[in-house]
Amino acid sequence: MYQTYKKLSITPKKLAEIPFFKDLKSEYISLLYEKIQMVNVAKDTLIIAEGDTTQKKMFFIIEGTVNVFRKANNGKNERICELSSPNFFGEMSIIDSGPRSASVEAKTDLLLAVLKWDDVKSLFDSKPEIMSYIFKNIACTLSMRLRRLNSLYSYQMYK
């Protein structure tokens, strides 16, 4: 699917510059840095398949752009959005372990930071403030996305 990339491509300082981590204490950034895996993904690679339940991880876009899409009722792919650095995706699997709600494909070559649940759950047990910070940021992002969707839905209903 994609290949592991050397850690030399990102430092704890660079990780702290990702908006998702901007207010996290530097000591916690260092702990997360040890757990995050860097991957290099080629253009047109499917990163997440809608419905998949095997991957419990989220991805931070360091370089590049992805397309997020779902299968519509007619069987065709329906584009949801395009995400570029410094966005992230796959966060819902960290929260609920449910099936992936959409597919994600590399629109360009990518450099991603990957946070796997299996790699951080013990860290979360020993430092619950890190988990609290991450879950709060995920919740804020999901809330923002839901508000955006609600406004689009309301606009279409009353056109």
Here the gain from full extension of Lys116 to Lys136, 0.36 nm per residue of separation minus their alpha-carbon distance, amounts to 5.5 nm
Label-to-label distance, nm, for residues given as Thr53 and Lys14 (7 Å Cα→Cβ offset): 3.7
In whole Hz, what ³J(HN,Hα) sequence does region 97-106 give by Karplus (6.51, -1.76, 1.60; θ = phi - 60°), x for Gly and Pro? 6, x, x, 4, 7, 7, 9, 9, 10, 6
May I ask which of Lys14/Lys57; Lys43/Lys71; Lys76/Lys116 have a Cα-Cα span longer than 23 Å here? Lys76/Lys116
With n ≥ 4 as the cut-off for DSSP H runs, can you work out [θ] at 222 nm for the chain, using -39500 (n - 2.57) per run divided by the number of residues, rounded to the nearest 500? -12000 deg cm²/dmol
So for region 17-129, averaging the separation of alpha carbon pairs under 8 Å that are six or more residues apart and normalising by length, what relative contact order in percent results? 39
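Give the dimensionless ratio obtained when the Cα radius of gyration of region 3-157 is divided by 2.2 N^0.38 Å. Let's see the in-between values first.
Details: Rg = 15.9 Å, N = 155, 2.2 N^0.38 = 15.0 Å.
So the Cα radius of gyration is 1.06 times the expected 2.2 N^0.38 Å.
What is region 39-114 by shape, rounded, prolate or oblate, if you read a ≥ b ≥ c off the alpha carbon gyration tensor as root eigenvalues and call it rounded for a/c under 1.5, prolate for a/b larger than b/c, and oblate otherwise?
Numbers: a/c = 1.92, a/b = 1.18, b/c = 1.62.
Because a/c hits 1.5 or more and a/b fails to exceed b/c, region 39-114 counts as oblate.
Of Arg70, Arg147, Arg100, how do they rank once you tally other Cβ atoms within 10 Å and put the fewest first?
On the way: Arg70 14, Arg147 10, Arg100 19.
Arranged by neighbour count, lowest to highest, Arg70, Arg147, Arg100 become Arg147, Arg70, Arg100.
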Pull up the cross-link candidates among the aspartates and glutamates for Lys22, meaning alpha carbon to alpha carbon under 16 Å and not fewer than 8 places away within one chain. Glu129
Separation between Cα centres of region 50-69 and region 104-152, rounded to whole Å: 11
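On full extension of the chain, what length is gained from Arg145 through Ser126, given 0.36 nm per residue of separation minus the C-alpha to C-alpha distance?
Numbers: separation 19, 0.36 × 19 = 6.84 nm, distance 3.06 nm.
The span from Arg145 to Ser126 would gain 3.8 nm if fully extended.
Read the figures in this text as sums done on the coordinates, not as results from a lab. What you see is a predicted model, and the numbers here were worked out from it, not measured in a lab. So basically every Cβ, Gly included, is an ideal-geometry build from the backbone, and we count neighbours across all protein chains shown.
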